[in-house]
Amino acid sequence: MNFDETFLNKLSKAKKIVFFTGAGISAESGIPTFRGKDGIWNKLKPEELANFNAFMRNPKMVWEWYNHRKKIIHDSKPNAGHFAIADMQDLFDEVTVVTQNIDNLHRRAGSKNIFELHGNIERNYCVRCKTFYNGELDFSDGVPKCNCGGLIRPDVVWFGEYLPEDQFEGGENSAVNSDIFFVVGTSAVVYPAAGLVHSAKRAGSYIVEVNIEETEISVMCDKSFYGEAGKVLPEIVKALKNKIIK
Ligand code: OAD
């Protein structure tokens with residue numbers, strides 16, 4: 001892949017970079033995305049699976065779906081895109097990952113500074129007393145229960161719920177203070193998460209999109225690279241290392 005000098009110069013001078021990621025970065029790890037041709041929300045209804053009232057109505061069904069997703073995630077590994085982002089930590093003063101993904105793959109790839117806007121499938125908590133349960137859960141009654149009798153749910157953000165405040169604030173701060181803001185593998189249609197692209201742009205950050213196709217926010221990007229994140233991001237790392245060595 002060829003990158004123009006303006007882009008490489010911009011990148012080599014940057015100190016703080018942010019990677020705002022979505023389901024597309026994990027697609028090459030075998031985890032399905034939500035929208036697009038084979039997207040999860042084409043086959044299943046979010047209002048029945050990613051919704052608190054649906055959980056209270058039918059916790060067993062919602063848990064079956066999350067356990068199915070957890071299995072896919074546990075069987076998968078970080079891909080070249082996740083590793084390229086982790087490698088960037090050696091090339092910049094500050095690299096922050098702000099992800100909408102709940103799959104933990106950025107952490108498994110070695111990224112250190114991560115804000116998780118939509119939670120993490122490895123954590124769970126009681127809907128009544130909010131106690132956290134991060135180990136194996138007991139499904140012998142069909143649905144795991146807390147010692148207080150409340151239902152235990154996955155610590156993921158469902159439709160209609162607030163984002164974890166500390167994670168969103170951390171993401172927003174990183175966005176407005178970034179020199180370069182990469183938008184990788186997200187359709188950027190789910191708010192408030194997608195609002196971070198606008199915050200970064202307003203604050204004067206240089207916006208770079210990596211996606212297999214155009215998205216709603218392509219028009220506001222300073223640079224767009226169309227291709228798989230697992231191919232484009234390692235190429236950027238390679239080009240940058242060459243530039244720094246020269
Ligand atoms: P989407 O499924 O909406 O979008 C995935 C994006 O990744 C699309 O723009 C694809 O073109 C792109 N893509 C697919 N494969 C790719 C690849 N190999 N390399 C680069 N790009 C690729 O997923 P999100 O934008 O993450 O929320 O969805 C946002 C939120 O909607 C999710 O966090 C989830 C969902 O409902 C909650 O569960 C709260």
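The values are calculated or read from the model by the stated rules, or taken from the named source; none is laboratory data. Keep in mind the model is a prediction, meaning the values are calculated, not measured. Positions of Cβ are backbone-derived with ideal geometry, glycine not excepted, and every protein chain shown enters the neighbour counts. Accessible surface areas use protein heavy atoms only, side chains included; no ligands, DNA or RNA. Shrake-Rupley method; radii C 1.70, N 1.55, O 1.52, S 1.80 Å.
Annotation: extensible slack from Phe132 through Asn53 equals 26.4 nm (criterion: 0.36 nm per residue apart, minus Cα-Cα distance). Close amide H contacts of Asp155 (hydrogens built in the peptide plane, cut-off under 5 Å, sequence separation of 5 or more or a different chain): Asn120, Arg123, Asn124, Tyr125. Give the carbon-plus-sulfur fraction of the accessible surface of segment 95-201 in %, rounded to a whole number; probe 1.4 Å, heavy atoms of protein chains only. Ligands and nucleic acids excluded, carbon and sulfur reach 49 percent.
May I ask what percent, to the nearest 5, of DSSP beta bridges between residues of segment 108-246 are antiparallel?
Working: 7 of 16 bridges.
Antiparallel bridges make up about 45 percent of those DSSP assigns within segment 108-246.
Applying both filters, DSSP loop and at most 12 other Cβ atoms within 10 Å, to the GluC sites (Glu not before Pro) of segment 212-241 gives Glu213, Glu214, Glu216. Backbone geometry of segment 168-173 corresponds, through the Karplus equation with coefficients 6.51, -1.76 and 1.60 at θ = phi - 60°, to 3J(HN,Hα) couplings of 5, 4, x, x, 5, 4 Hz, x marking Gly and Pro. For Tyr226 and Arg123, the difference between the fully extended length at 0.36 nm per residue and the C-alpha to C-alpha distance is 33.7 nm.
Quick one: work out the % antiparallel among DSSP beta bridges in the chain, nearest 5.
Working: 7 of 30 bridges.
In the chain, DSSP labels about 25 percent of beta bridges as antiparallel.
Calculated FRET efficiency, Glu64 to Glu213, Cβ-Cβ distance, R0 = 25 Å: about 0.20 to the nearest 0.05.
If packing is taken as the mean number of other Cβ atoms within 10 Å per residue, what is the order of 52-59, 100-107, highest first?
Values: 52-59: 15.0, 100-107: 23.2.
Output ranking for 52-59, 100-107: 100-107, 52-59.
Per residue, the accessible area of the chain comes to 50 Å², computed with a 1.4 Å probe over protein heavy atoms only. As a rough guide to protection, the peptides 21-28, 194-201, 130-137 ranked by mean Cβ packing within 10 Å, highest first, stand as 21-28, 194-201, 130-137.
One quarter of the surface of the convex hull around the alpha-carbon atoms of the chain equals 13.2 nm², the direction-averaged projected area.
Taking only DSSP H segments of four or more residues, each worth -39500 (n - 2.57), what value at 222 nm results for the chain once the sum is divided by all its residues, to the nearest 500 deg cm²/dmol?
Values: 11 runs with 94 residues, N = 246.
Counting only the DSSP helices, I get -10500 deg cm²/dmol.
Charging the Cβ of each Asp and Glu at -1 and of each Lys and Arg at +1, and nothing else, the dipole of segment 150-245 about its Cα centre rounds to 460 debye.
Hey, in the GNM for the chain with a 10 angstrom Cα cutoff, which one of Val190, Val176, Val97 fluctuates hardest? For the chain, modelled as a Gaussian network with Cα springs under 10 Å, the answer is Val190.
Want the number for Lys15 to Lys37: 0.36 nm per residue separation, take away the alpha-carbon distance, what's left?
Values: separation 22, 0.36 × 22 = 7.92 nm, distance 3.72 nm.
Stretched fully, the Lys15-Lys37 segment lengthens by 4.2 nm.
Its Cα centre serving as origin, the chain has a Cβ charge dipole (Lys and Arg +1, Asp and Glu -1) of approximately 200 debye.
Take the Cα of His198, step 7 Å toward its Cβ, do the same at Phe139, and the gap between the two points is 4.0 nm.
Note down the net charge around Leu49, summing +1 for each Lys or Arg and -1 for each Asp or Glu among other residues with Cβ under 10 Å from its Cβ. Don't skip to the end; give the middle numbers.
Numbers: positive: Lys45, Arg69; negative: Glu47, Glu48, Glu64.
Every neighbour counted, the sum reads -1.
Summing charges over all other residues whose Cβ lies under 15 Å from the Cβ of Gly195, with Lys and Arg as +1 and Asp and Glu as -1, gives -2. An ellipsoid equivalent to segment 1-88, defined through the eigenvalues of its Cα gyration tensor, has semi-axes of 36, 14, 13 Å when rounded to whole angstrom and sorted largest first. In sequence order, segment 198-203 has phi-based couplings of 5, 4, 4, 4, 4, 7 Hz under the Karplus curve 6.51 cos²θ - 1.76 cosθ + 1.60, θ = phi - 60°, and Gly or Pro positions carry x.
Dividing the mean sequence gap of close Cα pairs (under 8 Å, 6+ apart) by how many residues the chain holds gives a relative contact order of 24 percent.
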